[in-house]
Amino acid sequence: MIFKKFSESFCSLLKFSRLNLALILLALFFCIPIVIVCGSLFFPAKDIWPHLIDTVLTDYIFNSLVLLIGVGFFSLLLGVIPAWLVTMYQFPMSRYLEWAILLPMSMPAYIIAYSYTGVFDAAGPVQTIMRELTGWEYNDYWFPEVRSLGGAITMLSLVLYPYVYLLARASFIEQSICVLEVSRTLGCNAMDAFRRVALPLARPAIIVGLSLVLMETLADYGTVQYFGVSAFTTGIFRTWFGMDNSLVAAQLSAILLLFVAVFLYLERRSRKQLAFNHTSNRYSPLLKQKLKNSSAFFAFVICFAPLLFGFVLPASFLGQWAISTYSEALDINFYILLLNSLSLAFITALLALVIALFLGYSNRNSRLFINRFLVRFISLGYAIPGTVIAVGVLIPFAWFDNSLDEFLTLHFNFGSGLLISGTLFILIFAYLVRFLAVSINTVEAALGKIKLEMDEVAKTTGMSHVRIMRRIHVPIMRGSLLTALLLVFVDVLKELPATLILRPFNFNTLAVRTFELANEERLAEAAVPALAIVIAGIIPVIMISNSISRSRPGYE
Amino acid sequence: MKKTFTIIIFLIFQQLLNAAEVNIYSARKETLIKPLLDQFNRDTGIKVNLITGKADTFIKRLEIEGKNTPADILLTVDAARLVRAKEKDLFQEVISDALNKVIPNYFRDIDNHWFGLSLRSRVIIFSPDKVNKRELIDYLDLANSKWRGRICVRSSSNIYNQSLVASMIARHGINKIEIWASRLVENFARSPKGGDRDQIKAVAIGVCDIALVNNYYLAGMLESNQEYEMNAAKKVKLFWPDQNGHGAHVNISGAGVTKYAKNKEEAIQLLEYLVTDKAQQWYSDINYEYAVNPEIKNTTILGEWGAFKSDDLNLSLLGRYNRDAVLLMDRVGWK
Amino acid sequence: MNNAIEIKELSLSIEGRQILENISFGLGEIGIACLLGPSGCGKTSLLRCIAGFEELNHGEVWIKGVIASKPFHHLPVEQRNVGMVFQDYVLFPHMSVTENIIFGLKDQRAARTKERLDELIVLFALEKHISKYPHQLSGGQQQRVALARAMAPRPGVLLLDEPFASLDIELREQLARELRSILKQDGITTIMVTHNQLEAFAMADIIGVMGDGKLRQWDTAFNLYHEPKTSYVANFIGEGVFIKGEVINSIEVKTDIGNIKGHAPHSFEKGEKVRVLIRPDDILHDDDSKVTAYVRGKAFRGAEFLYTLETQNGLYLQSLVPSHHDHPMNEPIGIKTEIDHLVIFTDEDV
């Protein structure tokens, strides 16, 4: 009662609706871990900073920058060009490539890193056979080193480019084909039309994809650590584990976040200048141009290469290893792992979608700065390494649990122990903090397509809000909502560090099992659960692709 | 509302009453500890709940959870983390004759906060084609310029290297070791990457001539069901460093009972179980680690390698100098 | 071959469906042609064939004396030197008005580009909008930008696909006339597609009426109205009704509303049963006439009423009557026929 009165007066003071207040509180809830990470900046750190600056910090920054630039460049290359080709042209296998190009998405970065190392490293079969055939010694020839900065760029690009591909393709499909036809009548050949019209129009979508890629790159620990690359994340954990200083580790993460925030802010500001509303509402069916002979062959090669190196090869390496170990690995415990992974991924994806919808709507209906700010702030979670997020989640919940316990003990002589910490709830919460960015981005893009006028039209026919959502918004957004759902699903399936820390007793996932075996350098045994992650991820990936094809107005 | 509350309380009660269990935070991987815990469960009827992960995150979690932590035991795979947990006041004293009798006192904490359960040595492996065994002496010798471009070792972010350098600092002082480490880095054949098995493979194919690895990795590869691993391991030989001096560097896996353990008795029972002959033999036979109980006979490849002189440095010092070791390795550019 | 555009026996089928069938016509320099027809008749497809978006199954397209399309030969769109304005303009949303207009010019910084830009801005009265973005423009402004953009590279042929469809009806005819004078002034050969006859009449030198993928008649507006070659064209162009008749001689037909006499001889045999097209302007209101008909419907058109009348013998006719003759419904009024162009078709044709 008091709360109600308070909230009413508070709302009227700030011109909020009560619904909006609830949404803001919801958003704030998910900001807590990120605030905790950033809050570390306000605590002075002892003597570690001068040491870091004198010795390794430049290395961390340099390597991370090279990594970002490299992964960003190759993700664009591997993502945008095939997206364009499969959208506009017909060539051998193009109908299958359309979705198959997405498959590397189901491959966790550390797994592809392990499998490539296993095969192409100096001690691996490829170089061994090469040496046996030629009689060369290790030092007699040059072979690209898998475990290097370049290798890390390659591995991360190969599994992250699908984000760019996904968004670029969705954007190309959405563009009115007329825009491209106009440019042809104005003397542009296909290449010019791509460069001068399609690409600039798809820019906002591509940048969203790119920023997801870059944030994942910054948060990656498994790959860079295994490859011996001193990147920012390796620095974070070295400081924490090696020097026993989790504060400075959090500060390093916070600095990382600041960079990301500045980048995102600048990008948004530059985009705001231009309103990219499509000027044509008319969509003629997309007639794909048939490519012939050499151009068809090249198109096929360009689209198949990322798939080959990002999925076919590593998956077949894994398959090869799995053959020798699967009979031992496929016991009842394995199916429990599978079930755990799938249900966690599904529940999280569903929750993420619902929350993203709430926040997306609050952003759409309200012009308040605070709503927009909070949503942007939550999205930063994607750039924080899972381990750091996990600690950021543990701190407030353990504090809450302990306070509650103390309170109950004092007043009822009865303790509650740790009520939430150590349950699946806290793990799912951590996933949400980390992955909400993905679903929010997707949902916001979808909501952007629904003009406010549509709501107004519907309201004039006397529809309630719920009915408007069900009858108008859901059908329009269905494809995007499914995409949001499945992206998070695949991400959770692959997630490792937060799971490692926060999972309850006796609870394991495929990712944990894979990591433990691979980390023990037992690649052959790691292959079965790794392959299971990949296979479990394939189905949603194919579904994502189909939902996008159907999202095009006039799609038949 | 009232109903859900009663249900919650009921559940909590049930948890408290259901006493015959013990909860473990384990930095040892599931496959390397679960079989023992299952055996314990069969023998005693006490249920073991396990989470595996990284030692440092568990230490952080214990700190954050405070007195309500569910964990009764923290199990790690190196001494430095045990020392760190003790420094943060996360363990409690355990008085157990069984433990004290089996575990030599240099493998357990002075205040009986933690206990070593198994041990391994960080050894030099070498390619017999390229290195004469007589050239090898000890860790300090690795800084000699004769090894220029011939040494493989993994990243200094790894605890095994941190512990080794910490033990060297404890023995020789920080200044001497800083010079040693900077020369060692100059002798690297390549920028550190991969794990210990990778270093063994690297020696096997001639990337480098010698490498620093934990001995159980070599044993694991020799016993591997993957032919290529076994072949690689057969191409290298093991050398026990510093046998005329302090002895080879050793580290332990160990555990302690947490300060706020709810199931203290079961926890102690489990620790005692882990030093029984049966469990200790398991460490040797399955994990290729040495038992802390000197009575245990090594039947596998460990037996073939025979006895060696191990460094009897107080393991607490590994914890004390860990941070210095990391800072030092940063300074000398050991990636 | 002096025509700017020459279409010969053009046929197009897409996925086995015949879209266009055996179309031929030619259009001279600076000519303005309209393709007129109901939706789905294939007029836009024909335009796209000329632009080069579709590949032909049969026939030829010549543009400015160059063969652009025939089976197994297809000049890419961008090499045809055609300009095209799409139905809803399709401006590039990421470019300003200026950027849109000069998009098709090769050297964007050349002085000539600037000259052309200024010229078009004046021509289309866009002075106030040059730095705006498409979403800041009204429909009419967008249309003018789209036209300016298409005309900027001085295309050999300009193709307009329903350019007025998204505009207010009141504006259409006026804009069509304005556009016509701009096109003539700039000397551009133009083909426009529309389903609106008034637009076509206002714009075109010559009109092609299309139906079911065929070109039914290629003629001036006047001829289409007064001398339709087929009943399809007669039906589609203007208003009117068909009534039964019987040929009396080479210039006269006997009908239920009396004998009707044309100015020119027709080709039907004496005694043949035919249908006669009666336009509303063929039936005049005359209070003195003995022939009367009942008012069964009326539509006010400002200066005139369009009456629907029922004759004594049950025929329905239409008549345009000056609007001061305001008769109530069902009242009989006197009528007389005055037909300059006798348009007759065989009985089965209708």
Measure nothing fancy, just the Cα-based angle from helix B:196-205's long axis to the longest principal axis of chain B, in degrees from 0 to 90, nearest 10.
-> 20 degrees
Alpha carbon centre of the stretch A:432-457 versus the stretch A:209-235: separation in Å?
-> 28 Å
Return the long-range amide H neighbours of B:R150 (sequence gap of 5 or more, or a different chain), with a cut-off of under 5 Å between placed amide H atoms.
-> B:A189
Given H placed on each backbone N at 1.01 Å, which residues far from B:F91 in sequence or on other chains put an amide H within less than 5 Å of it?
-> B:K259
Stick to Cα atoms and the Kirkwood definition of Rh, then tell me Rg/Rh for the stretch C:120-184.
-> 0.94
Expected vector for the stretch A:152-168, Karplus 3J(HN,Hα) from phi with 6.51, -1.76, 1.60 and θ = phi - 60°, integer Hz, x for Gly and Pro, equals 5, 4, 4, 4, 5, 4, 5, 9, 9, 4, x, 4, 5, 4, 4, 6, 5
How do the peptides A:331-338, A:133-140 rank, highest first, by the average count of neighbouring beta carbon atoms within 10 Å per residue?
-> A:331-338, A:133-140
Give me the distance in nm between label points sitting 7 Å out from Cα along the Cα-to-Cβ direction at C:D340 and C:Q185, one decimal.
-> 3.2 nm
Residue with peak Gaussian network fluctuation, chain C [Cα springs, cutoff 10 Å], from C:I257, C:I50, C:I23 = C:I257
Please work out how many pairs of lysine residues in the stretch C:239-346 are eight or more positions apart (or on different chains) and have Cα atoms closer than 22 angstrom.
-> 17
In sequence order, what are the phi-derived ³J(HN,Hα) couplings for the stretch A:326-337 according to the Karplus relation 6.51 cos²θ - 1.76 cosθ + 1.60 with θ = phi - 60°, rounded to whole Hz, with x for glycine and proline?
-> 5, 4, 7, 6, 7, 9, 4, 4, 4, 5, 5, 4
Have a look at B:I103, B:I205, B:I268 and tell me which one the Gaussian network model of chain B (Cα, springs below 10 Å) gives the largest fluctuation.
-> B:I205
What are the residues whose amide H is under 5 Å from the amide H of C:K298, where those residues sit 5 or more places off or on another chain and H is modelled from the backbone?
-> C:T308
Please state, to two decimals, what the Cα-based radius of gyration of the stretch C:47-199 comes to when divided by 2.2 N^0.38 Å (N = residues).
-> 1.06
Computed on Cα atoms, Rg of the stretch A:50-316 relative to 2.2 N^0.38 Å comes out at 1.17
Using alpha-carbon positions, what is the distance between the centroids of the stretch A:348-405 and the stretch C:191-215, in Å?
-> 60 Å
Identify the chymotrypsin sites (Phe, Trp or Tyr not before Pro) of the stretch B:226-292 meeting these criteria: DSSP loop state and at most 16 other C-beta atoms within 10 Å of the C-beta.
-> none
Between rounded, prolate and oblate, where does the stretch A:299-406 land on the alpha carbon gyration tensor, with a ≥ b ≥ c its root eigenvalues, rounded for a/c under 1.5, else prolate if a/b exceeds b/c?
-> oblate
Residues C:D161, A:D455, sorted so that the one with the fewest Cβ neighbours within 10 Å comes first | A:D455, C:D161
Table column - 3J(HN,Hα) (Hz), the stretch B:247-262, Karplus curve with 6.51, -1.76, 1.60, x for Gly and Pro = x, 5, 5, 10, 9, 10, 9, x, 8, x, 8, 5, 4, 10, 4, 7
Under 16 Å Cα-Cα from C:K106, which lysines qualify once same-chain neighbours fewer than 8 residues away are excluded?
-> C:K114
Can you list the residues of the stretch B:216-251 with backbone N under 11 Å from a point 7 Å past the Cα of B:D129, pointing along Cα to Cβ?
-> B:235-236
Rg/Rg_globular for chain B, with Rg_globular taken as 2.2 N^0.38 Å and Rg from C-alpha atoms | 1.06
Which pairs in the list B:K47/B:K262; A:K449/A:K494; B:K201/B:K237 are over 21 Å apart, alpha-carbon to alpha-carbon?
-> A:K449/A:K494
When the convex hull of its Cα atoms is projected in every direction, mean area for the stretch C:239-346 (nm²) = 6.5 nm²
Roughly what angle does helix C:169-186 make with the longest principal axis of chain C, taking Cα atoms, 0 to 90 degrees, to the nearest 10?
-> 60 degrees
Take every DSSP beta bridge with both residues inside the protein assembly as shown and express the antiparallel ones as a percent of the total, to the nearest 5.
-> 70 percent
Tilt, helix B:55-65 to longest principal axis of chain B (alpha-carbon atoms), in degrees rounded to tens, equals 30 degrees
Going by how many other Cβ atoms sit within 10 Å of their own, how do C:E54, C:E178 line up, fewest first?
-> C:E178, C:E54
Take the alpha carbon gyration tensor of the stretch A:326-550, find the square roots of its eigenvalues, order them as a ≥ b ≥ c, and report rounded if a/c is under 1.5; if not, report prolate when a/b exceeds b/c, else oblate.
-> oblate
Could you pull out every one of the aspartates and glutamates with an alpha carbon less than 16 Å from that of B:K309, ignoring same-chain neighbours closer than 8 positions?
-> B:D138, B:D242, B:E289, B:E295
Write down the Å³ per residue value for the convex hull defined by the alpha carbon atoms of the stretch C:21-121.
-> 149 Å³
Which whole number in µm²/s is D for the protein assembly as shown by Stokes-Einstein, with the Kirkwood Rh taken over Cα pairs at 20 °C and 1.002 mPa s?
-> 59 µm²/s
Percent of C-alpha pairs per 20 Å bin, chain C, short to long = 26, 47, 24, 3
Taking only the alpha carbons of chain A, what extent do you get along each of the three principal axes, in Å, biggest first?
-> 82, 62, 52
With DSSP loop assignment and no more than 16 other C-beta atoms within 10 Å, the GluC sites (Glu not before Pro) in the stretch C:231-312 are C:E239, C:E269, C:E272
Once the in-chain neighbours fewer than 8 apart are removed, the lysines whose Cα is under 17 Å from B:K86 read B:K54, B:K60, B:K67, B:K259, B:K264
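Laboratory data are not the source of any read-out in this text; all were calculated from the coordinates shown. As the structure is a prediction and not an experimental result, all values here were calculated from the model. Note that each Cβ is placed from the backbone with ideal geometry, even for glycine, and that neighbours are counted across all protein chains shown.
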